[in-house]
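Worksheet: one structure, shown below.
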Amino acid sequence: MFTYNTSNFDIEQIAGSGQCFRMTPLEGGLWQIIAEDRCLILFQNGGQLIMSCSSGEFESFWREYFDLNYDYAKAIDSIDSGDLYLTECAKAGYGIRILKQNLWEMLITFMISQNNNIPRIKNSVRRLCEYAGEKKSITFSTMPADAAFADAAMGGGEAAAVFAGEALGGGEAAATCEPPIITGDCCFPAPVAPDCGCFSAPVALEYHAFPSPEAVASIPVEVLHGFGLGYRDEYIHLAAQKIACGEYNLDALKGMSYDEAMKSLMTLKGVGRKVADCVCLFGLHHIEAFPIDTHIKQILAAHYKDGFPFEKYKGYAGILQQYMFYADL
């Protein structure tokens with residue numbers, strides 16, 4: 001288990017922002033987040049994130065994934081106070097962060113997203129992963145926070161107080177005892193034995209890693225079609241084949257500028273400007289990318305008849321695009 005305090009973070013807003021399709025709400029306010037071949041169980045209590053991972057995994061993967069080093073408050077503060085529409089959008093989506101996601105996963109996900117809706121995209125991604133992705137599982141238990149203060153459950157003494165303080169952040173949060181404590185595989189806090197009687201029965205969740213280019217390339221097109229991909233099945237199969245055999249070097253994009261990456265991505269059949277922009281924003285973290293789909297086109301036509309002020313927000317317009325997209329869903 002690991003806890004982290006932050007601001008400008010709302011897991012529900014992030015999950016509903018149209019940038020990721022493998023976040024699932026669970027009972028009790030928990031969230032299951034699948035990224036690449038990893039799975040995280042997360043509970044948010046205000047500005048505190050309680051996660052099933054270790055501190056080492058958080059630092060090596062999840063901190064970067066959630067883009068926790070970027071100052072999103074600064075981006076919001078830079079919004080022109082006279083732009084009432086954008087100001088309200090930022091208020092509505094203040095907790096959105098641009099996730100740093102896997103490049104290959106973003107390419108396929110946003111090829112699937114063309115002329116599609118979020119529930120159907122999620123369903124197609126899930127079916128693809130279940131068919132070709134490695135089957136994995138995560139086991140965790142939850143414990144009511146007030147049990148952390150029970151001498152019978154914790155063994156009493158200083159250890160119980162230390163555990164409660166670490167788990168809840170101390171102070172008011174520890175006093176209210178509201179959030180659950182999450183323990184992941186082999187991550188039970190040292191002062192607590194998993195058989196102490198206060199934990200819920202361990203919950204094992206199965207999930208599938210996102211399949212590799214080689215795995216997707218080996219799937220017959222007619223099988224891909226059965227995942228609800230429609231006309232996109234052939235494009236996805238061809239892209240996977242090109243990447244799997246080395247004809248297209250996906251990793252080379254990581255060393256390119258935004259403009260270079262856009263030009264390269266659009267050489268792939270089935271990748272137009274909108275998909276390329278999404279891959280650049282969510283897979284390469286070019287936060288200057290500003291994907292324009294039908295939804296955003298309507299927003300720009302209604303609120304920015306003279307054009308969106310890209311120059312004012314040069315270098316991070318993609319963050320503002322997410323606020324607008326989310327607020328108008």
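The values are calculated or read from the model by the stated rules, or taken from the named source; none is laboratory data. This one's a predicted model, so the numbers in the text were calculated from it and none came from an experiment. Positions of Cβ are generated from backbone atoms using ideal geometry, with glycine treated the same way; all protein chains shown enter the neighbour counts.
Quick rundown of the values:
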| read-out | value |
| --- | --- |
| Test: residue in segment 101-113 that is touching a Ser or Thr at 6+ places or on another chain (Cβ under 8 Å), surrounded by 17 or more Cβ atoms within 10 Å (Cβ to Cβ), among the aliphatic types (A, V, I, L, M) and under 26 Å from residue 250 (Cα atoms) | yes |
| Residue check for residue 45: on the phi > 0 side of the Ramachandran plot and of a type in the set (S, T, N, Q) | no |
| Helices (runs of 4 or more DSSP H) wholly inside segment 216-329 that include at least 1 residues being closer than 18 Å to residue 116 by Cβ | 221-224, 232-244, 273-282, 294-303, 317-327 |
| Residue in segment 81-100 that is crowded, with 17+ Cβ neighbours inside 10 Å, more than 28 Å from residue 310 (Cβ to Cβ) and at pLDDT 95 or above present | no |
| Hey, residue 261 of a type in the set (A, V, I, L, M, F, W, C), touching a Lys or Arg at 6+ places or on another chain (Cβ under 9 Å) and either over 28 Å from residue 81 (Cβ atoms) or modelled with pLDDT of 95 or more (or both) or not | yes |
| The listed residue being under 16 Å from residue 34 (Cβ atoms), out of contact with any strand residue (DSSP E or B) (no Cβ under 9 Å at 6 or more places or on another chain) and not acidic (Asp, Glu), out of 100, 136 | 100 |
| Complete set of residues in segment 69-98 that are of a type in the set (Val, Ile, Thr) and not in a helix (DSSP H, G or I) | 79, 96, 98 |
| Exclusive hit being within 23 Å of the chain's Cα centre (by Cα), surrounded by 14 or more Cβ atoms within 10 Å (Cβ to Cβ) and not aliphatic (A, V, I, L, M), set 242, 274, 254 | 274 |
